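The values are calculated or read from the model by the stated rules, or taken from the named source; none is laboratory data. Computed from a predicted model, the values in this text were never measured in an experiment. Positions of Cβ are generated from backbone atoms using ideal geometry, with glycine treated the same way; all protein chains shown enter the neighbour counts.
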Amino acid sequence: MRRQKLREYNLLVACPRDRERAAKSEIMYFVGDLLEDPHLKVSHTHISGLLACKTSLDPFDVVHRLREFALENAYQLRFAIRFTPLEECVNSKIEDIVEATRRLLPKIGEDESFRVTVRRRHTELENMEVVTAVAAEIPRKVNLDAPDKTVLVEIVGEWTGLSVLATEEDILSVMTMRDDMY
């Protein structure tokens with residue numbers, strides 16, 4: 001299996017552990033066929049239950065379109081259960097994460113508030129270390145309860161994906177949708 005370059009990933013997909021093959025098939029069908037992305041690449045990570053993807057489509061658009069589909073067909077997505085768009089993909093070093101944060105800063109308006117959310121897997125980096133470093137680069141008001149934007153930092157071992165999310169709908173969690181339906 002050819003290892004993808006770090007900066008190519010723009011979509012992180014979670015699935016049940018040891019169900020990566022089934023999840024990959026779903027991603028290929030729903031994003032590749034249904035949303036018509038002939039250039040879609042899906043890669044296994046070294047973490048069970050996590051796939052990294054490169055779509056030629058806008059990853060936020062992919063999440064929003066899959067949400068629309070899932071609202072009417074929630075049980076069609078059985079293995080690929082959480083889709084997270086990534087705007088920057090860098091090495092898991094504080095200085096690289098901070099630099100990526102600087103590139104994303106224009107997405108947070110000067111009058112908008114923000115919070116930093118860190119999800120980490122297989123890393124020595126501590127949550128507060130990352131939160132403190134990222135927040136220091138954003139000269140905006142912090143609001144932990146109801147921010148205008150969320151800076152999401154997904155640490156996956158040696159690489160990290162970052163995004164600025166405007167709403168909860170920027171991430172698709174099929175399990176949460178199912179819970180809300182009943």
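Return the pair list, or none, for Cβ contacts closer than 7 Å from residues in region 24-37 that are over 16 Å from PRO85 (Cα atoms) and not assigned by TED's automatic domain parsing to the domain that holds GLU68 to residues that are hydrophobic (A, V, I, L, M, F, W, C) and modelled with pLDDT under 95, at least 6 apart or on different chains. If the second residue must be hydrophobic (A, V, I, L, M, F, W, C) and modelled with pLDDT under 95, no pairs are left.
Only one of THR55, THR117, THR123 is closer than 20 Å to LEU172 by Cβ, of a type in the set (Ser, Thr, Tyr) and either touching a Phe, Trp or Tyr at 6+ places or on another chain (Cβ under 9 Å) or in the same structural domain as GLY161 (by TED's automatic domain parsing) (or both). Can you tell me which? Spell out the reasoning first.
Details: THR55 fails: either touching a Phe, Trp or Tyr at 6+ places or on another chain (Cβ under 9 Å) or in the same structural domain as GLY161 (by TED's automatic domain parsing) (or both); THR123 fails: closer than 20 Å to LEU172 by Cβ.
Result: THR117 is the single residue among THR55, THR117, THR123 that is closer than 20 Å to LEU172 by Cβ, of a type in the set (Ser, Thr, Tyr) and either touching a Phe, Trp or Tyr at 6+ places or on another chain (Cβ under 9 Å) or in the same structural domain as GLY161 (by TED's automatic domain parsing) (or both).
Which members of region 2-19 meet the condition of being modelled with pLDDT under 80 and assigned to a loop (DSSP other than H, G, I, E, B)? Once the filter is applied, which keeps residues that are modelled with pLDDT under 80 and assigned to a loop (DSSP other than H, G, I, E, B), region 2-19 yields ARG2, ARG3, GLN4, LYS5. SER92 falls short on exactly one of the conditions (1) outside the structural domain of ALA136 (by TED's automatic domain parsing); (2) within 20 Å of ARG119 (Cα to Cα); (3) small (Gly, Ala, Ser), and that condition is (1). Can you spot a residue in region 110-117 that is charged (D, E, K, R) and touching a helix residue (DSSP H, G or I) at 6+ places or on another chain (Cβ under 8 Å)? Checked region 110-117: no residue is charged (D, E, K, R) and touching a helix residue (DSSP H, G or I) at 6+ places or on another chain (Cβ under 8 Å). Once region 94-134 is narrowed to residues that are β-branched (Val, Ile, Thr) and assigned to a loop (DSSP other than H, G, I, E, B), the residue that is surrounded by the fewest Cβ atoms within 10 Å (Cβ to Cβ) is THR123. The sole residue among HIS46, HIS64 that is of a type outside the set (A, V, I, L, M), within 20 Å of TYR9 (Cβ to Cβ) and touching a Gly at 6+ places or on another chain (Cβ under 7 Å) is HIS46. What number of residues within region 48-76 are at pLDDT below 95, of a type in the set (A, V, I, L, M, F, W, C) and outside any helix (DSSP H, G or I)? Residues that pass the stated criteria total 1. The numbered conditions (1) touching a Ser or Thr at 6+ places or on another chain (Cβ under 6 Å); (2) in a strand (DSSP E or B) are all true for PRO147 except (2). Just one residue in the set ILE138, ILE155 is touching a Leu at 6+ places or on another chain (Cβ under 9 Å) and assigned to a loop (DSSP other than H, G, I, E, B); that residue is ILE138.
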